[in-house]
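Following: one structure in C-alpha cells, then a few remarks.
The values are calculated or read from the model by the stated rules, or taken from the named source; none is laboratory data. All values derive from a computational prediction rather than experimental measurement. Heads up: the accessible areas ignore ligands, DNA and RNA and are worked out on the full protein's heavy atoms, side chains in. Shrake-Rupley method; radii C 1.70, N 1.55, O 1.52, S 1.80 Å.
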Amino acid sequence: MIQTNFHHKKHYKIQAYSKKVLYTTLILTIGFALLEYIGGLLSNSLALLGDSFHMFSDVIALGFSLIALLFSSKKPNKKYTFGFVRLEVLAAFINGLMLVGISIYLIFEGFMRFFNPKDIDFKSMLIISTIGLIFNIVVTVILTKSLKEEDNLNIQSALWHFLGDLISSIGIIISSTIIYFTNYQIVDVIMSIIISIILFKGGY
C-alpha cells in the first residue's frame, strides 16, 4: 500500500540569499527613485515622473517583500501553527494591487496632459532614462539570478516591478528621441499611457 503524506512540508523558509538580494535592491531603488523624481520635475516629463512613482512603489513593494521574507523564516508556534509563509502570498498580492493603482493614475494624468501640454527638457529626460535603463538591467539580472538560487514568490513579484521599469526606461528613451527630432511633446503622454497599460497587465 502506497501512503502519500501532504503534511510534511515545512511551514517556514530560511532564504538568506533572497534576503540579501532584497536588502541590496531596496537600497539601490530608493536612491534611483529620488533621482528620477527630481529629474521628472526638472524636465517636465510625465513619463519620467510616472516612472519615478513606479520606482517608489517598488520601494514599498520591496519593503513588503522583505517583511514577508523575514516573517516566513520564523517557525510555527502555538498561536500560529501554520507559520508565516502565507505572508509571501499577501505581499505579492499587495504589490500587484499597487501596480494596477499606479497604472490607472498615470493613464488619468496622461489624458490631463493632452489638454494641458508642457514643454519638456529633452537632455535631462534622456540622461536620466538612460541611467534608469542601466539600473533596471542590473537589478533585473540580480533578481533573475536570485530566483535560480532560491524560489521565492516575492522575488518574482519584485522582478515584475523591475521588468516594468525596464520597459519604461526603453519607452522614455524612445519618446525623448522622437521629441528631440520632431518636437512632438505629445509623444511623452502617449508613451506614459503605453507604459501604464503594461504596468496594469503586470499588476493584474
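Output the relative contact order of region 101-204, whole-number percent, from Cα pairs under 8 angstrom with separation of 6+ residues. It would help to have the intermediate numbers written out before the result.
Details: 89 pairs, mean separation 47.1, N = 104.
Rounded, it is 45 percent for region 101-204.
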| query | With every protein chain left in place, what is the accessible area per residue of region 91-204 in square angstrom, probe 1.4 Å? | reply | 52 Å²
| said: Beyond a 22 Å Cα-Cα separation, which of these cross-linked pairs lie in this structure: Lys19/Lys145; Lys118/Lys201; Lys19/Lys148? | reply: Lys118/Lys201
